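Remarks on the structure that follows.
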Amino acid sequence: MDPNKLKALMLVNGDTRNTLAEYLHISPASLSYKMNETHGRCFDKKEIESIR
């Protein structure tokens, strides 16, 4: 998932990293790793569908 598009979507919906992480039932650190695709982490299909 393109991190810039996700940040724009978060802005439109009034979400923060903390609120989105809570919604996805992951830690804010895990969300950051997935947003930046670091430490081998990326969003799975279920998470992407939940965000949209």
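I want to check a number: in the chain, how many lysine pairs have alpha carbons closer than 14 Å, given a sequence separation of 8 or more or different chains? If you can, show how the numbers build up before the last one.
Working: Lys5/Lys34; Lys7/Lys34; Lys34/Lys45; Lys34/Lys46.
The number of close lysine pairs in the chain is 4.
Taking 20 °C and 1.002 mPa s as the conditions, I'd like the Stokes-Einstein D for the chain in µm²/s, using the Kirkwood hydrodynamic radius from alpha carbon pairs.
Roughly 197 µm²/s, to the nearest whole number.
In whole Hz, what ³J(HN,Hα) sequence does the range 32-47 give by Karplus (6.51, -1.76, 1.60; θ = phi - 60°), x for Gly and Pro?
4, 4, 5, 5, 9, 6, 10, 6, x, 9, 8, 5, 8, 4, 4, 5
Starting from the Cα-Cα distance between Met1 and Asn18, subtract it from 0.36 nm times their residue separation and give me the gain in nm to one decimal. Display every interim value, and only then the final one.
Working: separation 17, 0.36 × 17 = 6.12 nm, distance 1.81 nm.
Here the answer is 4.3 nm.
Leaving ligands, DNA and RNA out of it, report the carbon-plus-sulfur percent of the accessible area of the chain at a 1.4 Å probe. Please report the intermediate quantities before stating the final value.
Numbers: 1950 of 3800 Å².
Taking all protein chains in place, the chain shows 51 percent carbon and sulfur surface.
Under a 1.4 Å probe, what is the accessible area of the chain per residue, stated in Å²? Walk me through the numbers before you get to the answer.
On the way: 3800 Å² over 52 residues.
Per-residue accessible area for the chain comes out at 73 Å².
The values are calculated or read from the model by the stated rules, or taken from the named source; none is laboratory data. Note that the structure is a prediction, hence the values are computed from the model and not measured. In case anyone asks, the SASA skips ligands and DNA or RNA and just uses the protein heavy atoms, side chains included. Shrake-Rupley method; radii C 1.70, N 1.55, O 1.52, S 1.80 Å.
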